[in-house]
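Contents: one structure, followed by commentary.
The values are calculated or read from the model by the stated rules, or taken from the named source; none is laboratory data. All values reported here derive from a predicted model rather than from experimental measurement. FYI the Cβ positions are ideal-geometry reconstructions off the backbone, even for glycines, and counts take in every protein chain you see. Side chains included, ligands, DNA and RNA excluded: accessible areas come from the protein's heavy atoms. Shrake-Rupley method; radii C 1.70, N 1.55, O 1.52, S 1.80 Å.
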Amino acid sequence: MTQVHNQSGGTEEVASSTQAQPEAARTRRYPSLWRNRDFMLLWNGQLLSNVGSQVSLLAFPLLVLAITRSPAQAGLVGALRSLPFALLCLPAGALIDRWDRKKVMLICDTGRALALGSIPVALWLGRLGILQLCLVALVEGTLMTFFSLAEIACLPHVVPKEQIPAASAQNQAIDSASWTIGPFLGGLLFGLGNAIPFLTDAISYVCSVLGIFFMRTRFQEERAETPLKIWHEIGEGILWLWHERVLRFLALLTLGLIFPTIGFTLLLIILAQNLHASPLAIGILFASGGIGSIAGAFLTNPLQKRFTFGQLTIGSAWIWAISWLALAIAPNLWVLGIANGVSFIIVPIYISVQFSYRLIIIPDHLQGRVQSVFRLLSFGSQPLSFVLTGFLIQWIGPVATVIVLFVPQGIIALIATFYRPLRETPSLSELGRKEPV
């Protein structure tokens with residue numbers, strides 16, 4: 001008999017003659033994720049937090065447009081929110097591997113609650129200006145950078161490795177629900193009062209803090225080695241990712257799909273306003289994307305079991321790119337809402353499968369660093385994308401902007417189709433059964 005560690009830190013005995021057993025018998029069975037106390041605390045806290053984030057994500061450009069009447073300035077505020085990620089992602093990843101991840105998450109969401117709460121206070125005092133909105137965007141973007149990396153790195157300690165694909169799909173359900181509920185609430189609450197969406201978001205961060213506080217799981221392994229200089233640690237993460245050719249290509253593929261669409265919120269608002277939509281109608285329009293995303297979240301787990309990782313990734317990339325074009329031909333709000341809903345079906349599928357792949361193959365002591373490098377390559381161009389989208393809308397109009405931004409998506413999907421290492425990558429369940437490196 002052999003002792004192995006279980007998720008709660010104890011040990012249990014298993015037969016040592018596993019090689020003589022069939023594969024199905026060697027696969028361990030775990031309780032449902034719905035019965036995992038710590039995962040549910042994290043999951044529920046992030047559900048509320050993400051809904052609040054979607055509320056303010058819609059309210060931010062609406063508020064800037066109400067103050068300035070300028071799509072370019074609305075794009076600039078969005079760029080400032082994502083700028084800290086581009087600047088701090090690499091050192092943040094190295095620090096997440098050093099620091100207590102739970103404390104980082106608690107501090108970050110407390111800070112985000114205070115930052116968002118300052119907007120309704122300033123509105124009620126009649127002192128809100130574009131400078132404060134820019135500062136809040138910078139603070140929130142900075143804290144979001146650290147929080148998101150810590151959250152990603154802690155997940156393999158909250159659930160067993162074999163359940164990571166299911167947990168990733170369930171986390172995508174959070175995004176899907178928030179994309180449905182958040183924009184609708186954002187439009188509704190903004191119509192009731194400009195301050196209310198931001199107060200709602202601040203309260204949601206408080207709920208996240210409470211959920212994380214009561215979790216019992218340790219968020220990282222013990223660190224026995226003496227920390228190296230931070231740039232040396234960052235270099236380790238870069239080198240590890242560089243030698244993993246599929247993961248390296250995934251970062252470039254995600255960049256090619258995300259970069260053209262990162263200004264999607266502003267673009268859809270302008271398209272809807274050109275069709276004479278009210279704030280509430282815009283919220284409902286965004287909620288249609290959430291409905292599509294919920295459908296995609298339900299499809300994710302069955303698709304992961306039916307197709308290989310390579311097949312799912314390549315197919316998702318093509319559907320992502322082609323469905324984007326539908327936004328350019330919608331003649332009214334109803335058709336625009338349907339097009340938006342259909343295009344969002346593929347988002348949770350693509351995000352979940354590549355997210356699960358990263359969590360499975362990256363060692364724990366490198367999670368923060370490698371994830372930060374991957375995310376910088378994939379999402380580090382967000383500030384440029386926000387600014388570019390705002391200026392393209394102002395220069396050539398929203399419909400032409402949709403068509404122009406399709407081009408890089410189509411090119412990268414074509415490259416993925418012919419990239420053999422990606423095509424030959426097996427299913428996530430097969431990867432999860434392999435021993436960690």
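Numerical summary
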read-out: Qualifying positions in segment 330-348 - within 19 Å of the chain's Cα centre (by Cα) and of a type outside the set (Val, Ile, Thr); value: 340, 341, 343, 344, 348
read-out: Residue within segment 414-426 that is touching a Leu at 6+ places or on another chain (Cβ under 6 Å) and among the hydroxyl-bearing types (Ser, Thr, Tyr) present; value: no
read-out: Scope segment 244-285; condition outside any helix (DSSP H, G or I), open to solvent by 20 Å² or more (accessible area, probe 1.4 Å) and within 23 Å of residue 350 (Cβ to Cβ); matching residues; value: 244, 262
read-out: Filter result for the condition that a residue is open to solvent by 60 Å² or more (accessible area, probe 1.4 Å), under 23 Å from residue 45 (Cβ atoms) and either touching a Ser or Thr at 6+ places or on another chain (Cβ under 9 Å) or touching a residue at least 12 places away in the same chain (Cβ under 8 Å) (or both), over 114, 106; value: 114
read-out: Selection from segment 68-97 of residues that are of a type in the set (Val, Ile, Thr) and out of contact with any Lys or Arg (no Cβ under 9 Å at 6 or more places or on another chain); value: 68, 77
read-out: Qualifying residue in segment 345-358 (condition: more than 18 Å from residue 166 (Cβ to Cβ) and not hydrophobic (A, V, I, L, M, F, W, C)); value: no
read-out: Residue 368 being within 19 Å of the chain's Cα centre (by Cα) and small (Gly, Ala, Ser); value: yes
read-out: Answer from 288, 293, 316 - the residue that is in a helix (DSSP H, G or I), polar (S, T, N, Q), open to solvent by 10 Å² or more (accessible area, probe 1.4 Å) and touching a residue at least 12 places away in the same chain (Cβ under 8 Å); value: 288
read-out: Neighbours by Cβ (under 6 Å, 6+ apart or cross-chain): first from segment 368-390, farther than 10 Å from residue 255 by Cα; second part of a loop (DSSP other than H, G, I, E, B) and open to solvent by 20 Å² or more (accessible area, probe 1.4 Å); value: 385/262
read-out: Matching residues in segment 96-119 - criterion: being at pLDDT below 85 and within 21 Å of the chain's Cα centre (by Cα); value: 96, 97
read-out: Test: residue in segment 124-142 that is within 28 Å of residue 297 (Cα to Cα) and either open to solvent by 10 Å² or more (accessible area, probe 1.4 Å) or out of contact with any Gly (no Cβ under 7 Å at 6 or more places or on another chain) (or both); value: yes
read-out: Answer from 166, 202, 173, 177 - the residue that is part of a helix (DSSP H, G or I), at pLDDT 85 or above and small (Gly, Ala, Ser); value: 202
